[in-house]
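Colleague: I have a structure here, written as structure tokens, and I will follow up with some questions on it.
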Amino acid sequence: MRFTHKRPFAFKIEGQKVTVNTWQEMLIKTVEILFKKDRAKMESFATDEEMNGRKMKYFSLQNKANMRKPVKISDVEFYVETNRSANSIRNSIIKMLQRYGLKITDFKIYLRADYSDLHN
């Protein structure tokens, strides 16, 4: 499913429902939850080429210079890039879930109702 032009309302991971307003917020909250679950695995994403973009790093330990809109996760020097499209964020979340051994079907996304086409 493509998420372009759709807005999230919430997501559920391992039975925990989290309310969000943007795709970036969903990414940050997902990273925070997985970070608490296994910090070392999340930190390993910073050096894993498959978890980062071809030109830009999506995860970084301490060095946020190569990122456009880095957000610090937790109280340590771990950053996640938030200047990404909805579909890019979706792909990253899928990869993270796979690395953590979680089923993709256990991650539910709730979208806001979008009535913009009705007003045109």
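The values are calculated or read from the model by the stated rules, or taken from the named source; none is laboratory data. None of the values given here were measured: they were computed from a predicted structure. When we count neighbours, we look across all protein chains shown, and the Cβ atoms used for this are built from the backbone with ideal geometry, even at glycine.
Colleague: Which is crowded, with 16+ Cβ neighbours inside 10 Å and closer than 19 Å to Q98 by Cα, of T47, T30?
Modeller: T30
Colleague: Being more than 13 Å from Y110 (Cβ to Cβ) and assigned to a loop (DSSP other than H, G, I, E, B) is the filter; apply it to the range 14-26 and report the residue that is modelled with the highest pLDDT.
Modeller: Looking at the filtered set, the residue picked out is T22.
Colleague: What about Y58, is it in contact with a Pro (Cβ under 7 Å, 6 or more places away or on another chain) and buried (at least 17 other Cβ atoms within 10 Å of the Cβ)?
Modeller: no
Colleague: Have a look at K29, K6, K64 and point out the one that is closer than 28 Å to L111 by Cβ and assigned to a loop (DSSP other than H, G, I, E, B).
Modeller: K6
Colleague: Suppose we filter the range 7-64 for residues that are more than 12 Å from the chain's Cα centre (by Cα), touching a residue at least 60 places away in the same chain (Cβ under 8 Å) and under 15 Å from N83 (Cβ atoms); how many remain?
Modeller: The total comes to 0.
Colleague: Within the range 72-91, track down each residue that is touching a helix residue (DSSP H, G or I) at 6+ places or on another chain (Cβ under 7 Å) and either at pLDDT 90 or above or of a type in the set (A, V, I, L, M, F, W, C) (or both).
Modeller: Matches in the range 72-91: I73, F78, V80, T82, A86, I89.
Colleague: Across the range 95-109, which residue is nearest to L27 (Cα to Cα) among those that are in contact (Cβ under 8 Å) with a residue 12 or more places away in the chain and surrounded by fewer than 13 Cβ atoms within 10 Å (Cβ to Cβ)?
Modeller: Among residues in the range 95-109 that are in contact (Cβ under 8 Å) with a residue 12 or more places away in the chain and surrounded by fewer than 13 Cβ atoms within 10 Å (Cβ to Cβ), the one nearest to L27 (Cα to Cα) is K108.
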